[in-house]
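The values are calculated or read from the model by the stated rules, or taken from the named source; none is laboratory data. Since we're looking at a predicted model, the values are computed, not measured. As a convention, Cβ positions derive from the backbone with ideal geometry for all residues, glycine included, and neighbour counts pool all protein chains shown. Keep in mind that these areas ignore ligands, DNA and RNA; they rest on the heavy atoms of the full protein, side chains included. Shrake-Rupley method; radii C 1.70, N 1.55, O 1.52, S 1.80 Å.
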Number of protein chains: 4
Amino acid sequence: MRKIVVGVMGPGEKAKENDLRNAYELGQLIAQQGWALLTGGRNVGVMDAANKGAKAGNGLTVGILPNDNQDGISQAVDIAIFTDMGNARNNINVLSSDVVIACGMGAGTASEIALALKGKKKVILLTDDKESQVFFQKISPESVYVVDNVVHAIATIKAIL
Amino acid sequence: MRKIVVGVMGPGEKAKENDLRNAYELGQLIAQQGWALLTGGRNVGVMDAANKGAKAGNGLTVGILPNDNQDGISQAVDIAIFTDMGNARNNINVLSSDVVIACGMGAGTASEIALALKGKKKVILLTDDKESQVFFQKISPESVYVVDNVVHAIATIKAIL
Amino acid sequence: MRKIVVGVMGPGEKAKENDLRNAYELGQLIAQQGWALLTGGRNVGVMDAANKGAKAGNGLTVGILPNDNQDGISQAVDIAIFTDMGNARNNINVLSSDVVIACGMGAGTASEIALALKGKKKVILLTDDKESQVFFQKISPESVYVVDNVVHAIATIKAIL
Amino acid sequence: MRKIVVGVMGPGEKAKENDLRNAYELGQLIAQQGWALLTGGRNVGVMDAANKGAKAGNGLTVGILPNDNQDGISQAVDIAIFTDMGNARNNINVLSSDVVIACGMGAGTASEIALALKGKKKVILLTDDKESQVFFQKISPESVYVVDNVVHAIATIKAIL
């Protein structure tokens, strides 16, 4: 039977220290709930940190890679999906997640939030970036949740599920 | 030899009256420059208006459709590309455009802007939505241009090209 | 660390009785090797049978779905990847598989074999369809393996890995 | 109004001399009918030859590229669609073609034929490769047409349209 999948999206190379810490803890807490973790699968930034956290929590990790091979894959990914679709794979990331959490902000992350909202998904923003909070809550007030820590994020996922 | 392609992105069913008028005029002016117009190809909103404007200007129109057949296609599309990829086709829209203009705002349009910026494209915002101007200029200050009318938009395209 | 993923491809609604039996047994044997099973994820034909076999063998099953929601998903899929890409997802199926086994034949299966060969993957044909054996071995003699039973298929996978 | 689009598919680097000659002539004849030509858009093999033929016939050429930029694009492509999807773009090639002609054979071409048949498209085989004729006619007898010269191919397109 299908497992619940929680997607953690966020910057790669440009992730901030705080985003990485949140991503790691989110990964760990998601794993402890018995949910599978889904990320963009690369060995940098929020993706890598969340995967490592989930493995520390004995979870199952799914990585949706932009390329067609293992170059640049997070070593903490269990199931790798090689799309060879570049950033178009961002739509698969969000469609395959029961809930999407954005941990940090950037162009790629913004595309995932927007695609999630377009696809009628609920999105949790874990970021102190005020402009993105204001923007996405205006775009889709009923589907965007702003939280300020990982415990609140997990509680929000439970409420949504 | 490859034609210059200008992409006009914007809301479908939820487009505002002003966005539709701008889209029509943009389509017409783009055609008059000899550029091809690229849109999401549907028979609603900004897509349809821009295509109609381009045909009024004797231009060539390319529609990148989300589905696999002609249902819902703008009658003003000359070349239809059927992707059957839903919103993942938004990435193709922006990668295939030499410059992207967002005419209005919504979740789909936001995904196109974000994917364009992720793909190192220049994006022109023709919208009075202040939150989106602030948000995207913060994401990518060097690649986002805010304009307030279609003539300014065309001049900005020329400067970029 | 990334799990080994074996892809089992084959017809949906038009699968033959023998293909279904082979698919079920393949799923079971793949699971018993500790490999993850990857299929197109639908609740019909070879996909469904292979997933059920893998679950009978206590395996992990990954389904790469053509649509964007759970309609028509095999109940034996653990991890569902919703692509909303129709048959273009066939390329993801094969790129994400360490080895591809075709169990039966049809237009969709043929596309997966051809995409696998184009992507430099090894393909095992478990089918008594002579024309497909001849055709694909001519296309790519060094990458196509013809087997006539599931035990031989598993041995061939081991040799390839 | 939407133009009729004829897709010419065939090998890239490995195209035979005869395939190239056929592709050039097909491109020219397609253009003379007023149809748009669609190919995979690269500057090699059947794609490049067909595009050059179409331009010699004053036609309009559409190239659906596997990558995200102009590297490797046929100079005879008018409208370039950059998918960044690798071989998954083969599905777009066939869905966007009113009729598909395969000119020569190889793994990529085979994937396009199979995806076309899966997508309920008519496919014309212009190849002396007997194994592929037999294979695809068995897969989909009602949708595959075998021809042995370009004039016959054009007549078959007209009959289909």
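For this structure, a couple of remarks:
- Rg [Å, one decimal], Dmax [Å, integer] - region B:1-139, C-alpha atoms: 13.4, 39
- Per residue value of the accessible surface for region B:5-160 (all protein chains in place, 1.4 Å probe), Å²: 34 Å²
- GNM flexibility winner over chain A from A:Ile81, A:Ile64, A:Ile139 (Cα, springs under 10 Å): A:Ile139
- Chain B comes nearest to the axis taking it onto chain C at the Cβ of one residue; that residue and its distance, in whole Å, are B:Met85, 2.
- Taking a straight line from the alpha carbon of B:Lys158, these lysines sit under 16 Å away, with near neighbours fewer than eight places off in the same chain left out: B:Lys3, B:Lys121, B:Lys122.
- Loop GluC sites (Glu not before Pro), region A:3-110, which have at most 12 other Cβ atoms in a 10 Å radius of their Cβ (DSSP): A:Glu13
- Local electrostatic count, A:Ile73, Cβ distance below 10 Å [Lys/Arg +1, Asp/Glu -1]: 0
- Within region A:41-158, DSSP assigns beta bridges of which about 10% are antiparallel (rounded to the nearest 5).
- Note: relative contact order over chain D, using C-alpha pairs below 8 Å and six or more positions apart, is 22 percent.
- Near-label residues of region D:21-46 by backbone N, under 18 Å of a point 7 Å along Cα→Cβ of D:Gln75: D:24, D:41-46
- Restricting region C:81-130 to trypsin sites (Lys or Arg not before Pro) that sit in a DSSP loop and have at most 16 other Cβ atoms within 10 Å of their own Cβ leaves C:Lys120.
- Residues of region A:8-25 with an amide N closer than 19 Å to a point placed 7 Å from the Cα of A:Asn149 along the Cα-to-Cβ direction: A:17-25.
- Calculated label separations, D:Asn58, copies of the chain, 7 Å along the beta-carbon direction, nm: 1.5, 7.4, 7.5
- Whole-number D in µm² s⁻¹ for region B:92-132, Kirkwood Cα-pair radius fed into Stokes-Einstein, 25 °C, 0.890 mPa s: 241 µm²/s
- Sorted shortest first, the distances from the D:Lys14 label point to those of the same residue in the other copies are 2.5, 4.2, 4.9 nm; each point sits 7 Å from Cα along Cα-to-Cβ.
- Among D:Ala23, D:Ala49, D:Ala114: highest mean-square fluctuation, GNM of chain D, C-alpha pairs under 10 Å: D:Ala114
- Coordinate range along principal axes, alpha carbons of the protein assembly as shown, Å, largest first: 63, 61, 34
- Label-to-label distance, nm, for residues given as A:Lys130 and A:Gln32 (7 Å Cα→Cβ offset): 3.3 nm
- Three-way shape label, region A:71-119, alpha-carbon gyration tensor, a/c 1.5: prolate
- Computed per residue of the protein assembly as shown from DSSP H runs no shorter than four, each worth -39500 (n - 2.57), the mean residue ellipticity at 222 nm is -13000 deg cm²/dmol.
- Other-copy label distances relative to C:Val44, 7 angstrom Cα-Cβ extension, nm: 2.8, 3.8, 4.3
- Environment charge of D:Asp128, counting only residues whose C-beta is closer than 14 Å and scoring Lys/Arg +1, Asp/Glu -1: -1
- Chains B and A together bury roughly 1900 Å² of accessible area, counting both sides, with a 1.4 Å probe on protein heavy atoms only.
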